[in-house]
Amino acid sequence: METLRDKVAVITGAASGIGRAIAGALTDRGAHIVAVDVDDDGVRALADDLSSRGGAVLPQRADVSESAAFEGIRDAALQRFGRIDIVVNNVGVLTNGLPEDIPVSEWQRILDINLMSVVRSNAAFLPLLLDQGSGHLVNTASFAGLFTYSYDRLPYAATKAAIVQISEGLAIYLRPKNIGVTLLCPGPVLTNIAAAVPKFGGGAPLRIPGEQFELLDPAAVGELVADAILRNRFFVPTHPQVVDELRCRVEDWDAYIDYQISREPC
């Protein structure tokens, strides 16, 4: 996109963290925001903040695990703004436990929120973007979907790896149709995603991707996303040095697994 001015962006998980930062960065560039979150108070507080900065904002309280959620979001956005140009699928929730302790029901919950929300979003918005012949998708994955450094959040990691694959396939399909796709892969970012994580079987030690990845402020991530939309960039890691990690893994996968085992916390 040459400009974000007067573009309409739907952002899920907008009430806090990375979603809120993306909303702010796009507003600062003149975009109109459809702010979606299950946290009604949080999304309305965001709307007040963005409105005070001159933005046009439509707050939408929605549970993205519900089958009809995105149709309602789409219709409300079209009624208010008349178009949709950008869709940011940013919702994500965590869980914690050893692989044998996390029940199937928790796997289903994480899959339904993290992964199936993207599927539902595509079903609602892709036909619209294809009909208008323009637009941009942003899907938030994670370092946990790029390389394996933990076993304490396997459902989360599995959904984020799936989002990587979905995003790359969509980019191959949509780029020739004038629709951009950005895969946002955050490393350590200061958000509240871990504030209320369910624990199973007493929980499991929290493993991090590596000491070399500093903890970032969400505002920096919002700026990366805004720039990626304007430049039509696909892969947007929050920490560029992750490329070295990926290279090390692919060169000798067995050795990489042994390396991760050696990092086992006490």
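The values are calculated or read from the model by the stated rules, or taken from the named source; none is laboratory data. Everything numeric here is computed off the predicted structure, so don't read it as measured data. All Cβ positions, even for glycine, are placed from backbone atoms using ideal geometry, and neighbour counts span all protein chains on display. Please note that ligands, DNA and RNA were not included when accessible areas were found on the heavy atoms of the full protein model with its side chains. Shrake-Rupley method; radii C 1.70, N 1.55, O 1.52, S 1.80 Å.
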Check your understanding: Residues in the stretch 216-224: is at least one in a loop (DSSP other than H, G, I, E, B), open to solvent by 30 Å² or more (accessible area, probe 1.4 Å), within 28 Å of residue 33 (Cβ to Cβ) and among the charged types (D, E, K, R)?
Key -> yes
Check your understanding: So, in the stretch 129-155, of the ones that are of a type in the set (Ser, Thr, Tyr), at pLDDT 95 or above and part of a loop (DSSP other than H, G, I, E, B), which residue ends up nearest to residue 230 (Cα to Cα)?
Key -> 134
Check your understanding: Among the residues of the stretch 105-115, is there at least one that is within 18 Å of the chain's Cα centre (by Cα), in a loop (DSSP other than H, G, I, E, B) and within 29 Å of residue 254 (Cα to Cα)?
Key -> no
Exercise for review: Under 7 Å between Cβ atoms, at least 6 apart or on separate chains: pull out the pairs that start in the stretch 183-204 with a residue that is farther than 28 Å from residue 100 by Cβ and open to solvent by less than 50 Å² (accessible area, probe 1.4 Å) and end on any residue that is part of a loop (DSSP other than H, G, I, E, B) and among the aromatic types (Phe, Trp, Tyr).
Suggested key: 183/234
Exercise for review: Mind listing whichever residues of the stretch 64-114 are surrounded by fewer than 22 Cβ atoms within 10 Å (Cβ to Cβ), among the hydrophobic types (A, V, I, L, M, F, W, C) and farther than 19 Å from residue 17 by Cα?
Suggested key: 68, 69, 76, 78, 81, 98, 104, 107, 111
Check your understanding: Could you say whether any residue in the stretch 136-152 is within 22 Å of residue 192 (Cβ to Cβ) and open to solvent by 50 Å² or more (accessible area, probe 1.4 Å)?
Key -> no
